[in-house]
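The values are calculated or read from the model by the stated rules, or taken from the named source; none is laboratory data. What you are looking at is a predicted structure, and each value in this text was computed from that prediction instead of being measured. Counting neighbours? That spans all protein chains shown, and the Cβs are built from the backbone with ideal geometry, glycine included. Heavy atoms of the whole protein, side chains included, go into the accessibility calculation; ligands, DNA and RNA do not. Shrake-Rupley method; radii C 1.70, N 1.55, O 1.52, S 1.80 Å.
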Amino acid sequence: MTQEKPTRREAVSKAVLVSAPEGILVIDAHGLVLLANAQTEELFGYEPDEMIGLHFEALLPEVFREAHQRQTAGSTSVPGFRPARVEMEIPGIRKDGTALLLEMSVSSVDSQDGHLVCCILRKIDESFQSEKARREMEEQFRLMVENSHDILTIRDADAKIRYMSPSINRVLGYTQEQMIGATGFELIHPEDRPTVELALNEFWKNPGARDSIQYRARHANGTWISLEVVAYNLLDHPVIRGVVINGRDISERKHDEAGREQLISDLQEAISKVNSLTGLLPICASCKKIHDENGKWQQIETYIRERSKVEFSHGMCPECARLWYPDHCE
């Protein structure tokens, strides 16, 4: 019996299947592999035709099988419905049990024998994956720094600013371009500058040190802003090679502290006045009553007791004792 010559369409389909750079699997509604090209066999380490009849879930680690079922269930469960292509990243498992990370595109195909699922598989290179993770982390860090209310600064060994976060504009009114390459010491309040410069000179000599300081800095509009900065000396770090400084506006906190200190001072002064009697007291030369601010005459004990924390213990001095009780004194 002579073998039938394949049609042009069949030949083209086979050529595409064989030459495709990606792994291609065709799976029936029961999850059994009907077709696997050479690239798929190479990905999973199976011999030619060894994957035919294999259940697709054998290629996935146990922990991901349930998730895969949920993701692909819609591809074959609705008759006459052709869902959009689904793309996902999943871990696969080779014949020898080792794992690999795959990028998989899944689509549904209708045939005379029922619904089929076509999977196109690409191996994700580990170096690409780590580079992608690194870029994502850098992007997250960039967004965090650029949207922070704190000022992040990196200074070189000569104290000149190498990097200044955009928050410098929100806090002090300057642009990044105005600060890069400068020291910014001229913005420090004249009363604070000697202390700050002395602290920084000592700090620069100690790689690995961490310290903090508070000072006032001039805003672009001429006002003074109170800052609290925390510095990390990373001059010896092979990547940073600079001093990282995080600055925070504490003007509101300083204002609140000053208000509390003034209130305490005012209360202390008021208490001191309540507990002491000062000024001129009109007193009767005979009975020693006090003429108070309301025009009434009060016993001196009553007057003083009402205006201070004084209590009286009555007695008699020697002169009065001899005057009133001469016989007793003799």
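Work out, step by step, the length gained on full extension between residue 177 and residue 256: first 0.36 nm times the residue separation, then minus their alpha carbon distance; give nm to one decimal.
Here the segment from residue 177 to residue 256 would lengthen by 25.1 nm.
Which trypsin sites (Lys or Arg not before Pro) in the range 292-330 sit in a loop by DSSP (not H, G, I, E or B) and have at most 11 other Cβ atoms within 10 Å of their own Cβ?
Hits after loop and neighbour filter: 296, 309.
Along Cα→Cβ, 7 Å out, is where each label goes; now give me the distance between the ones at residue 211 and residue 103 in nm to one decimal.
5.1
Which sequence of 328, 115 reflects their accessible areas, 1.4 Å probe, from the largest down?
Sorted descending by solvent-accessible area, the residues read 328, 115.
On the accessible surface of the range 190-330, probed at 1.4 Å, how many percent belong to carbon and sulfur atoms?
54
For 319, 269, 22, write out the residues from largest to smallest accessible area, computed with a 1.4 angstrom probe and no ligands counted.
319, 269, 22
Averaging over all projection directions, find the projected area of the Cα convex hull of the range 201-330 and quote it in nm² with one decimal place.
18.9
Residue 189 to residue 308: FRET efficiency via 1/(1 + (r/R0)^6), r the Cβ-Cβ distance, R0 30 Å, to the nearest 0.05?
Using R0 = 30 Å, I get an efficiency of 0.10.
How much length is gained on full extension from residue 223 to residue 17, taking 0.36 nm per residue of separation minus their Cα-Cα distance?
Extending this stretch completely gives an extra 66.9 nm.
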